[in-house]
Amino acid sequence: MDGVLTRPPGLARVLLVEDDPNDPWLLRRSLLRAAPAVELRVITDGRSAIDHLETGPAPSLLLLDIHLPRLSGWEVLRWVKGREALRAVPVLIWTSLPTPEGAARSRALGAAGYFSKPQTASGFLELAAAVIAHLGD
């Protein structure tokens, strides 16, 4: 399920790499409430995320699940931080199984944040606020 929420030119682009179809829908709704001008593109596997990042414009922020088909979020994060053109893009890791080891690994690989996937509508609004904060808004 690749999809895009359009925005006026020049505003923030968020790339979400997530294979669960419910999470992008909930995040999209939360971002529409908190930051309606943010573009949200959803890609459902790690390999397709890298393909997109190689050919498309760099996102303003990458929100990355760890457990993905084809390539893991860790592999995508390592690839992104190994590219000069993408190194400055903030990467937020979100996972349904957060661990202290995962948080440490995400920091070591250069992620800007590590979050537990929200379980409530208010949790998604908090995540949307964190996304906005990392965009510099």
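Readers should treat all values here as calculations from the given coordinates under stated rules, not as data from a laboratory. These figures come from a predicted structure and were not determined experimentally. Virtual Cβ from ideal backbone geometry, glycine too; neighbours counted across all protein chains shown.
Taking only DSSP H segments of four or more residues, each worth -39500 (n - 2.57), what value at 222 nm results for the chain once the sum is divided by all its residues, to the nearest 500 deg cm²/dmol? Counting only the DSSP helices, I get -12500 deg cm²/dmol.
Restricting the calculation to Cα atoms, every distinct pair contributes to the Kirkwood radius of region 3-135, found to be 14.6 Å.
Looking at the chain alone, DSSP beta bridges between its own residues are antiparallel in about 15 percent of cases. Computed from the C-beta positions of ARG87 and LEU11 and an R0 of 25 Å, the FRET efficiency is 0.70 to the nearest 0.05. Report the calculated FRET efficiency for ALA108 and ALA58 (r = Cβ-Cβ distance, R0 = 22 Å), to the nearest 0.05. Efficiency for this residue pair is about 0.45.
For region 3-135, the relative contact order comes to 25 percent (Cα pairs under 8 Å, sequence separation of at least 6). State whether region 7-54 is rounded, prolate or oblate according to the following rule on the C-alpha gyration tensor (a ≥ b ≥ c being the square roots of its eigenvalues): a/c under 1.5 gives rounded; otherwise a/b larger than b/c gives prolate, and the remaining case gives oblate. The shape class here is oblate.
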